[in-house]
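Written below as C-alpha cells is the structure these notes are about.
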Amino acid sequence: RNIGIGAAKGDLIAFCDDDVVPDPQWLERLVTPFENQNVASAGGFVRGRNGIEYQWRALLCDACGDDHPLSIDEAQPYTVVPSDGAQFAKMQGTNVAFRASALKQIGGFDVGFRFVLDETDVSKRLADAGYDSAFVPFAQVHHGFAESEQRSDGRVPKTLVDLGASKRRYLEKHAVTSHH
C-alpha cells in the first residue's frame, strides 16, 4: 500500500480488496465526504457473498483495538465521525478512501502489521492527528472472501500467529500501560 501511496498522483487514494466487486457508483459515493476538508478517511459498507447480509458497516475502535458498535443514520449519504480522544472511526481496508496528504503526514501504513489492524492503526493515527472520518452507507462492495494464506474460503483463520502478532503490535503502539 505504501508503494501505491507514493506513486499516487491524486488528492484521494481508495483501496478495496482483490476479492471484492464494487457497486457501480462505489467510488463516486465514497469520495463525497472529502468535500469537508477535515475528513481524512471514508469507509463504505461491505456486503457478504450473498449480496444481502453485511459483513461490516460502521464501527468505533479504542486504543486496545477493540470494536464498539456505532449507530448512524444509514439513509444519509454519509456521517462524519470526529474522534473523541478515546474512540475513533474504524476504517476497513476492504472499502476505504483516504486524503493523500493526511496519509503521507502520518507516514502511511505501518509495515510491521501482518494481516489485521493495519487500517485500524492508520485510523487511530489520523484521529490522533485531529482528522475526522466518515461512513458512507451507499458506497458498497461485495466481498467474496477468497482463500488465502491466512484463511480458508469459509473465512476460518488457518493460523493465529499473524493475527496475534498484529494485535501485539497494535497494543504496543496504542494501549495505555502503567509500570507500577
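Ranking Trp26, Ala14, Asn36 by how far each Cα lies toward the positive end of the dipole of segment 1-48 (charges on Cβ) leaves Asn36 at the top.
The alpha-carbon of Lys158 sits under 20 angstrom from the alpha-carbons of these aspartates and glutamates, leaving out residues fewer than 8 places away in its chain: Asp17, Asp18, Asp19, Asp118, Glu147, Glu149. Helix content alone sets the calculated 222 nm mean residue ellipticity of the chain: runs of n ≥ 4 DSSP H residues at -39500 (n - 2.57) each, divided across all residues, give -6500 deg cm²/dmol. Sorting Val21, Val80 by accessible area puts them as Val21, Val80; the probe is 1.4 Å, largest comes first, and only protein heavy atoms count.
Working out 0.36 nm times the residue gap between Gln25 and Ile72, then minus their Cα-Cα distance, what length gain in nm do you get to one decimal? Value of the extension gain: 14.8 nm. When you restrict to C-alpha pairs under 8 Å that are six or more residues apart and normalise by the size of the chain, the relative contact order lands at 32 percent. A dipole drawn for segment 55-98 from +1 and -1 charges on Cβ atoms has a positive end, and of Ala75, Thr94, Cys64 the residue lying farthest that way is Thr94. For Lys158, the accessible surface of its heavy atoms amounts to roughly 110 Å² (probe 1.4 Å, protein chains only, rounded to the nearest 10).
Across segment 83-94, computed HN-Hα scalar couplings (Karplus, 6.51 cos²θ - 1.76 cosθ + 1.60, θ = phi - 60°) run 6, 9, x, 10, 10, 9, 5, 9, 8, 10, x, 5 Hz from first to last residue, x flagging Gly and Pro. When Rg and Dmax of the Cα atoms in Å is computed from the coordinates, the matching label among [x] 17.7, 52; [y] 16.2, 47; [z] 15.8, 55 is [z].
The values are calculated or read from the model by the stated rules, or taken from the named source; none is laboratory data. Keep in mind that what you see is a predicted model, and the values were worked out from it rather than measured. Glycine gets a Cβ as well: all are built from the backbone with ideal geometry, and neighbour counts include every protein chain shown. Each accessible area value is taken on the protein alone, full model and side chains, heavy atoms only, with ligands, DNA and RNA left out. Shrake-Rupley method; radii C 1.70, N 1.55, O 1.52, S 1.80 Å.
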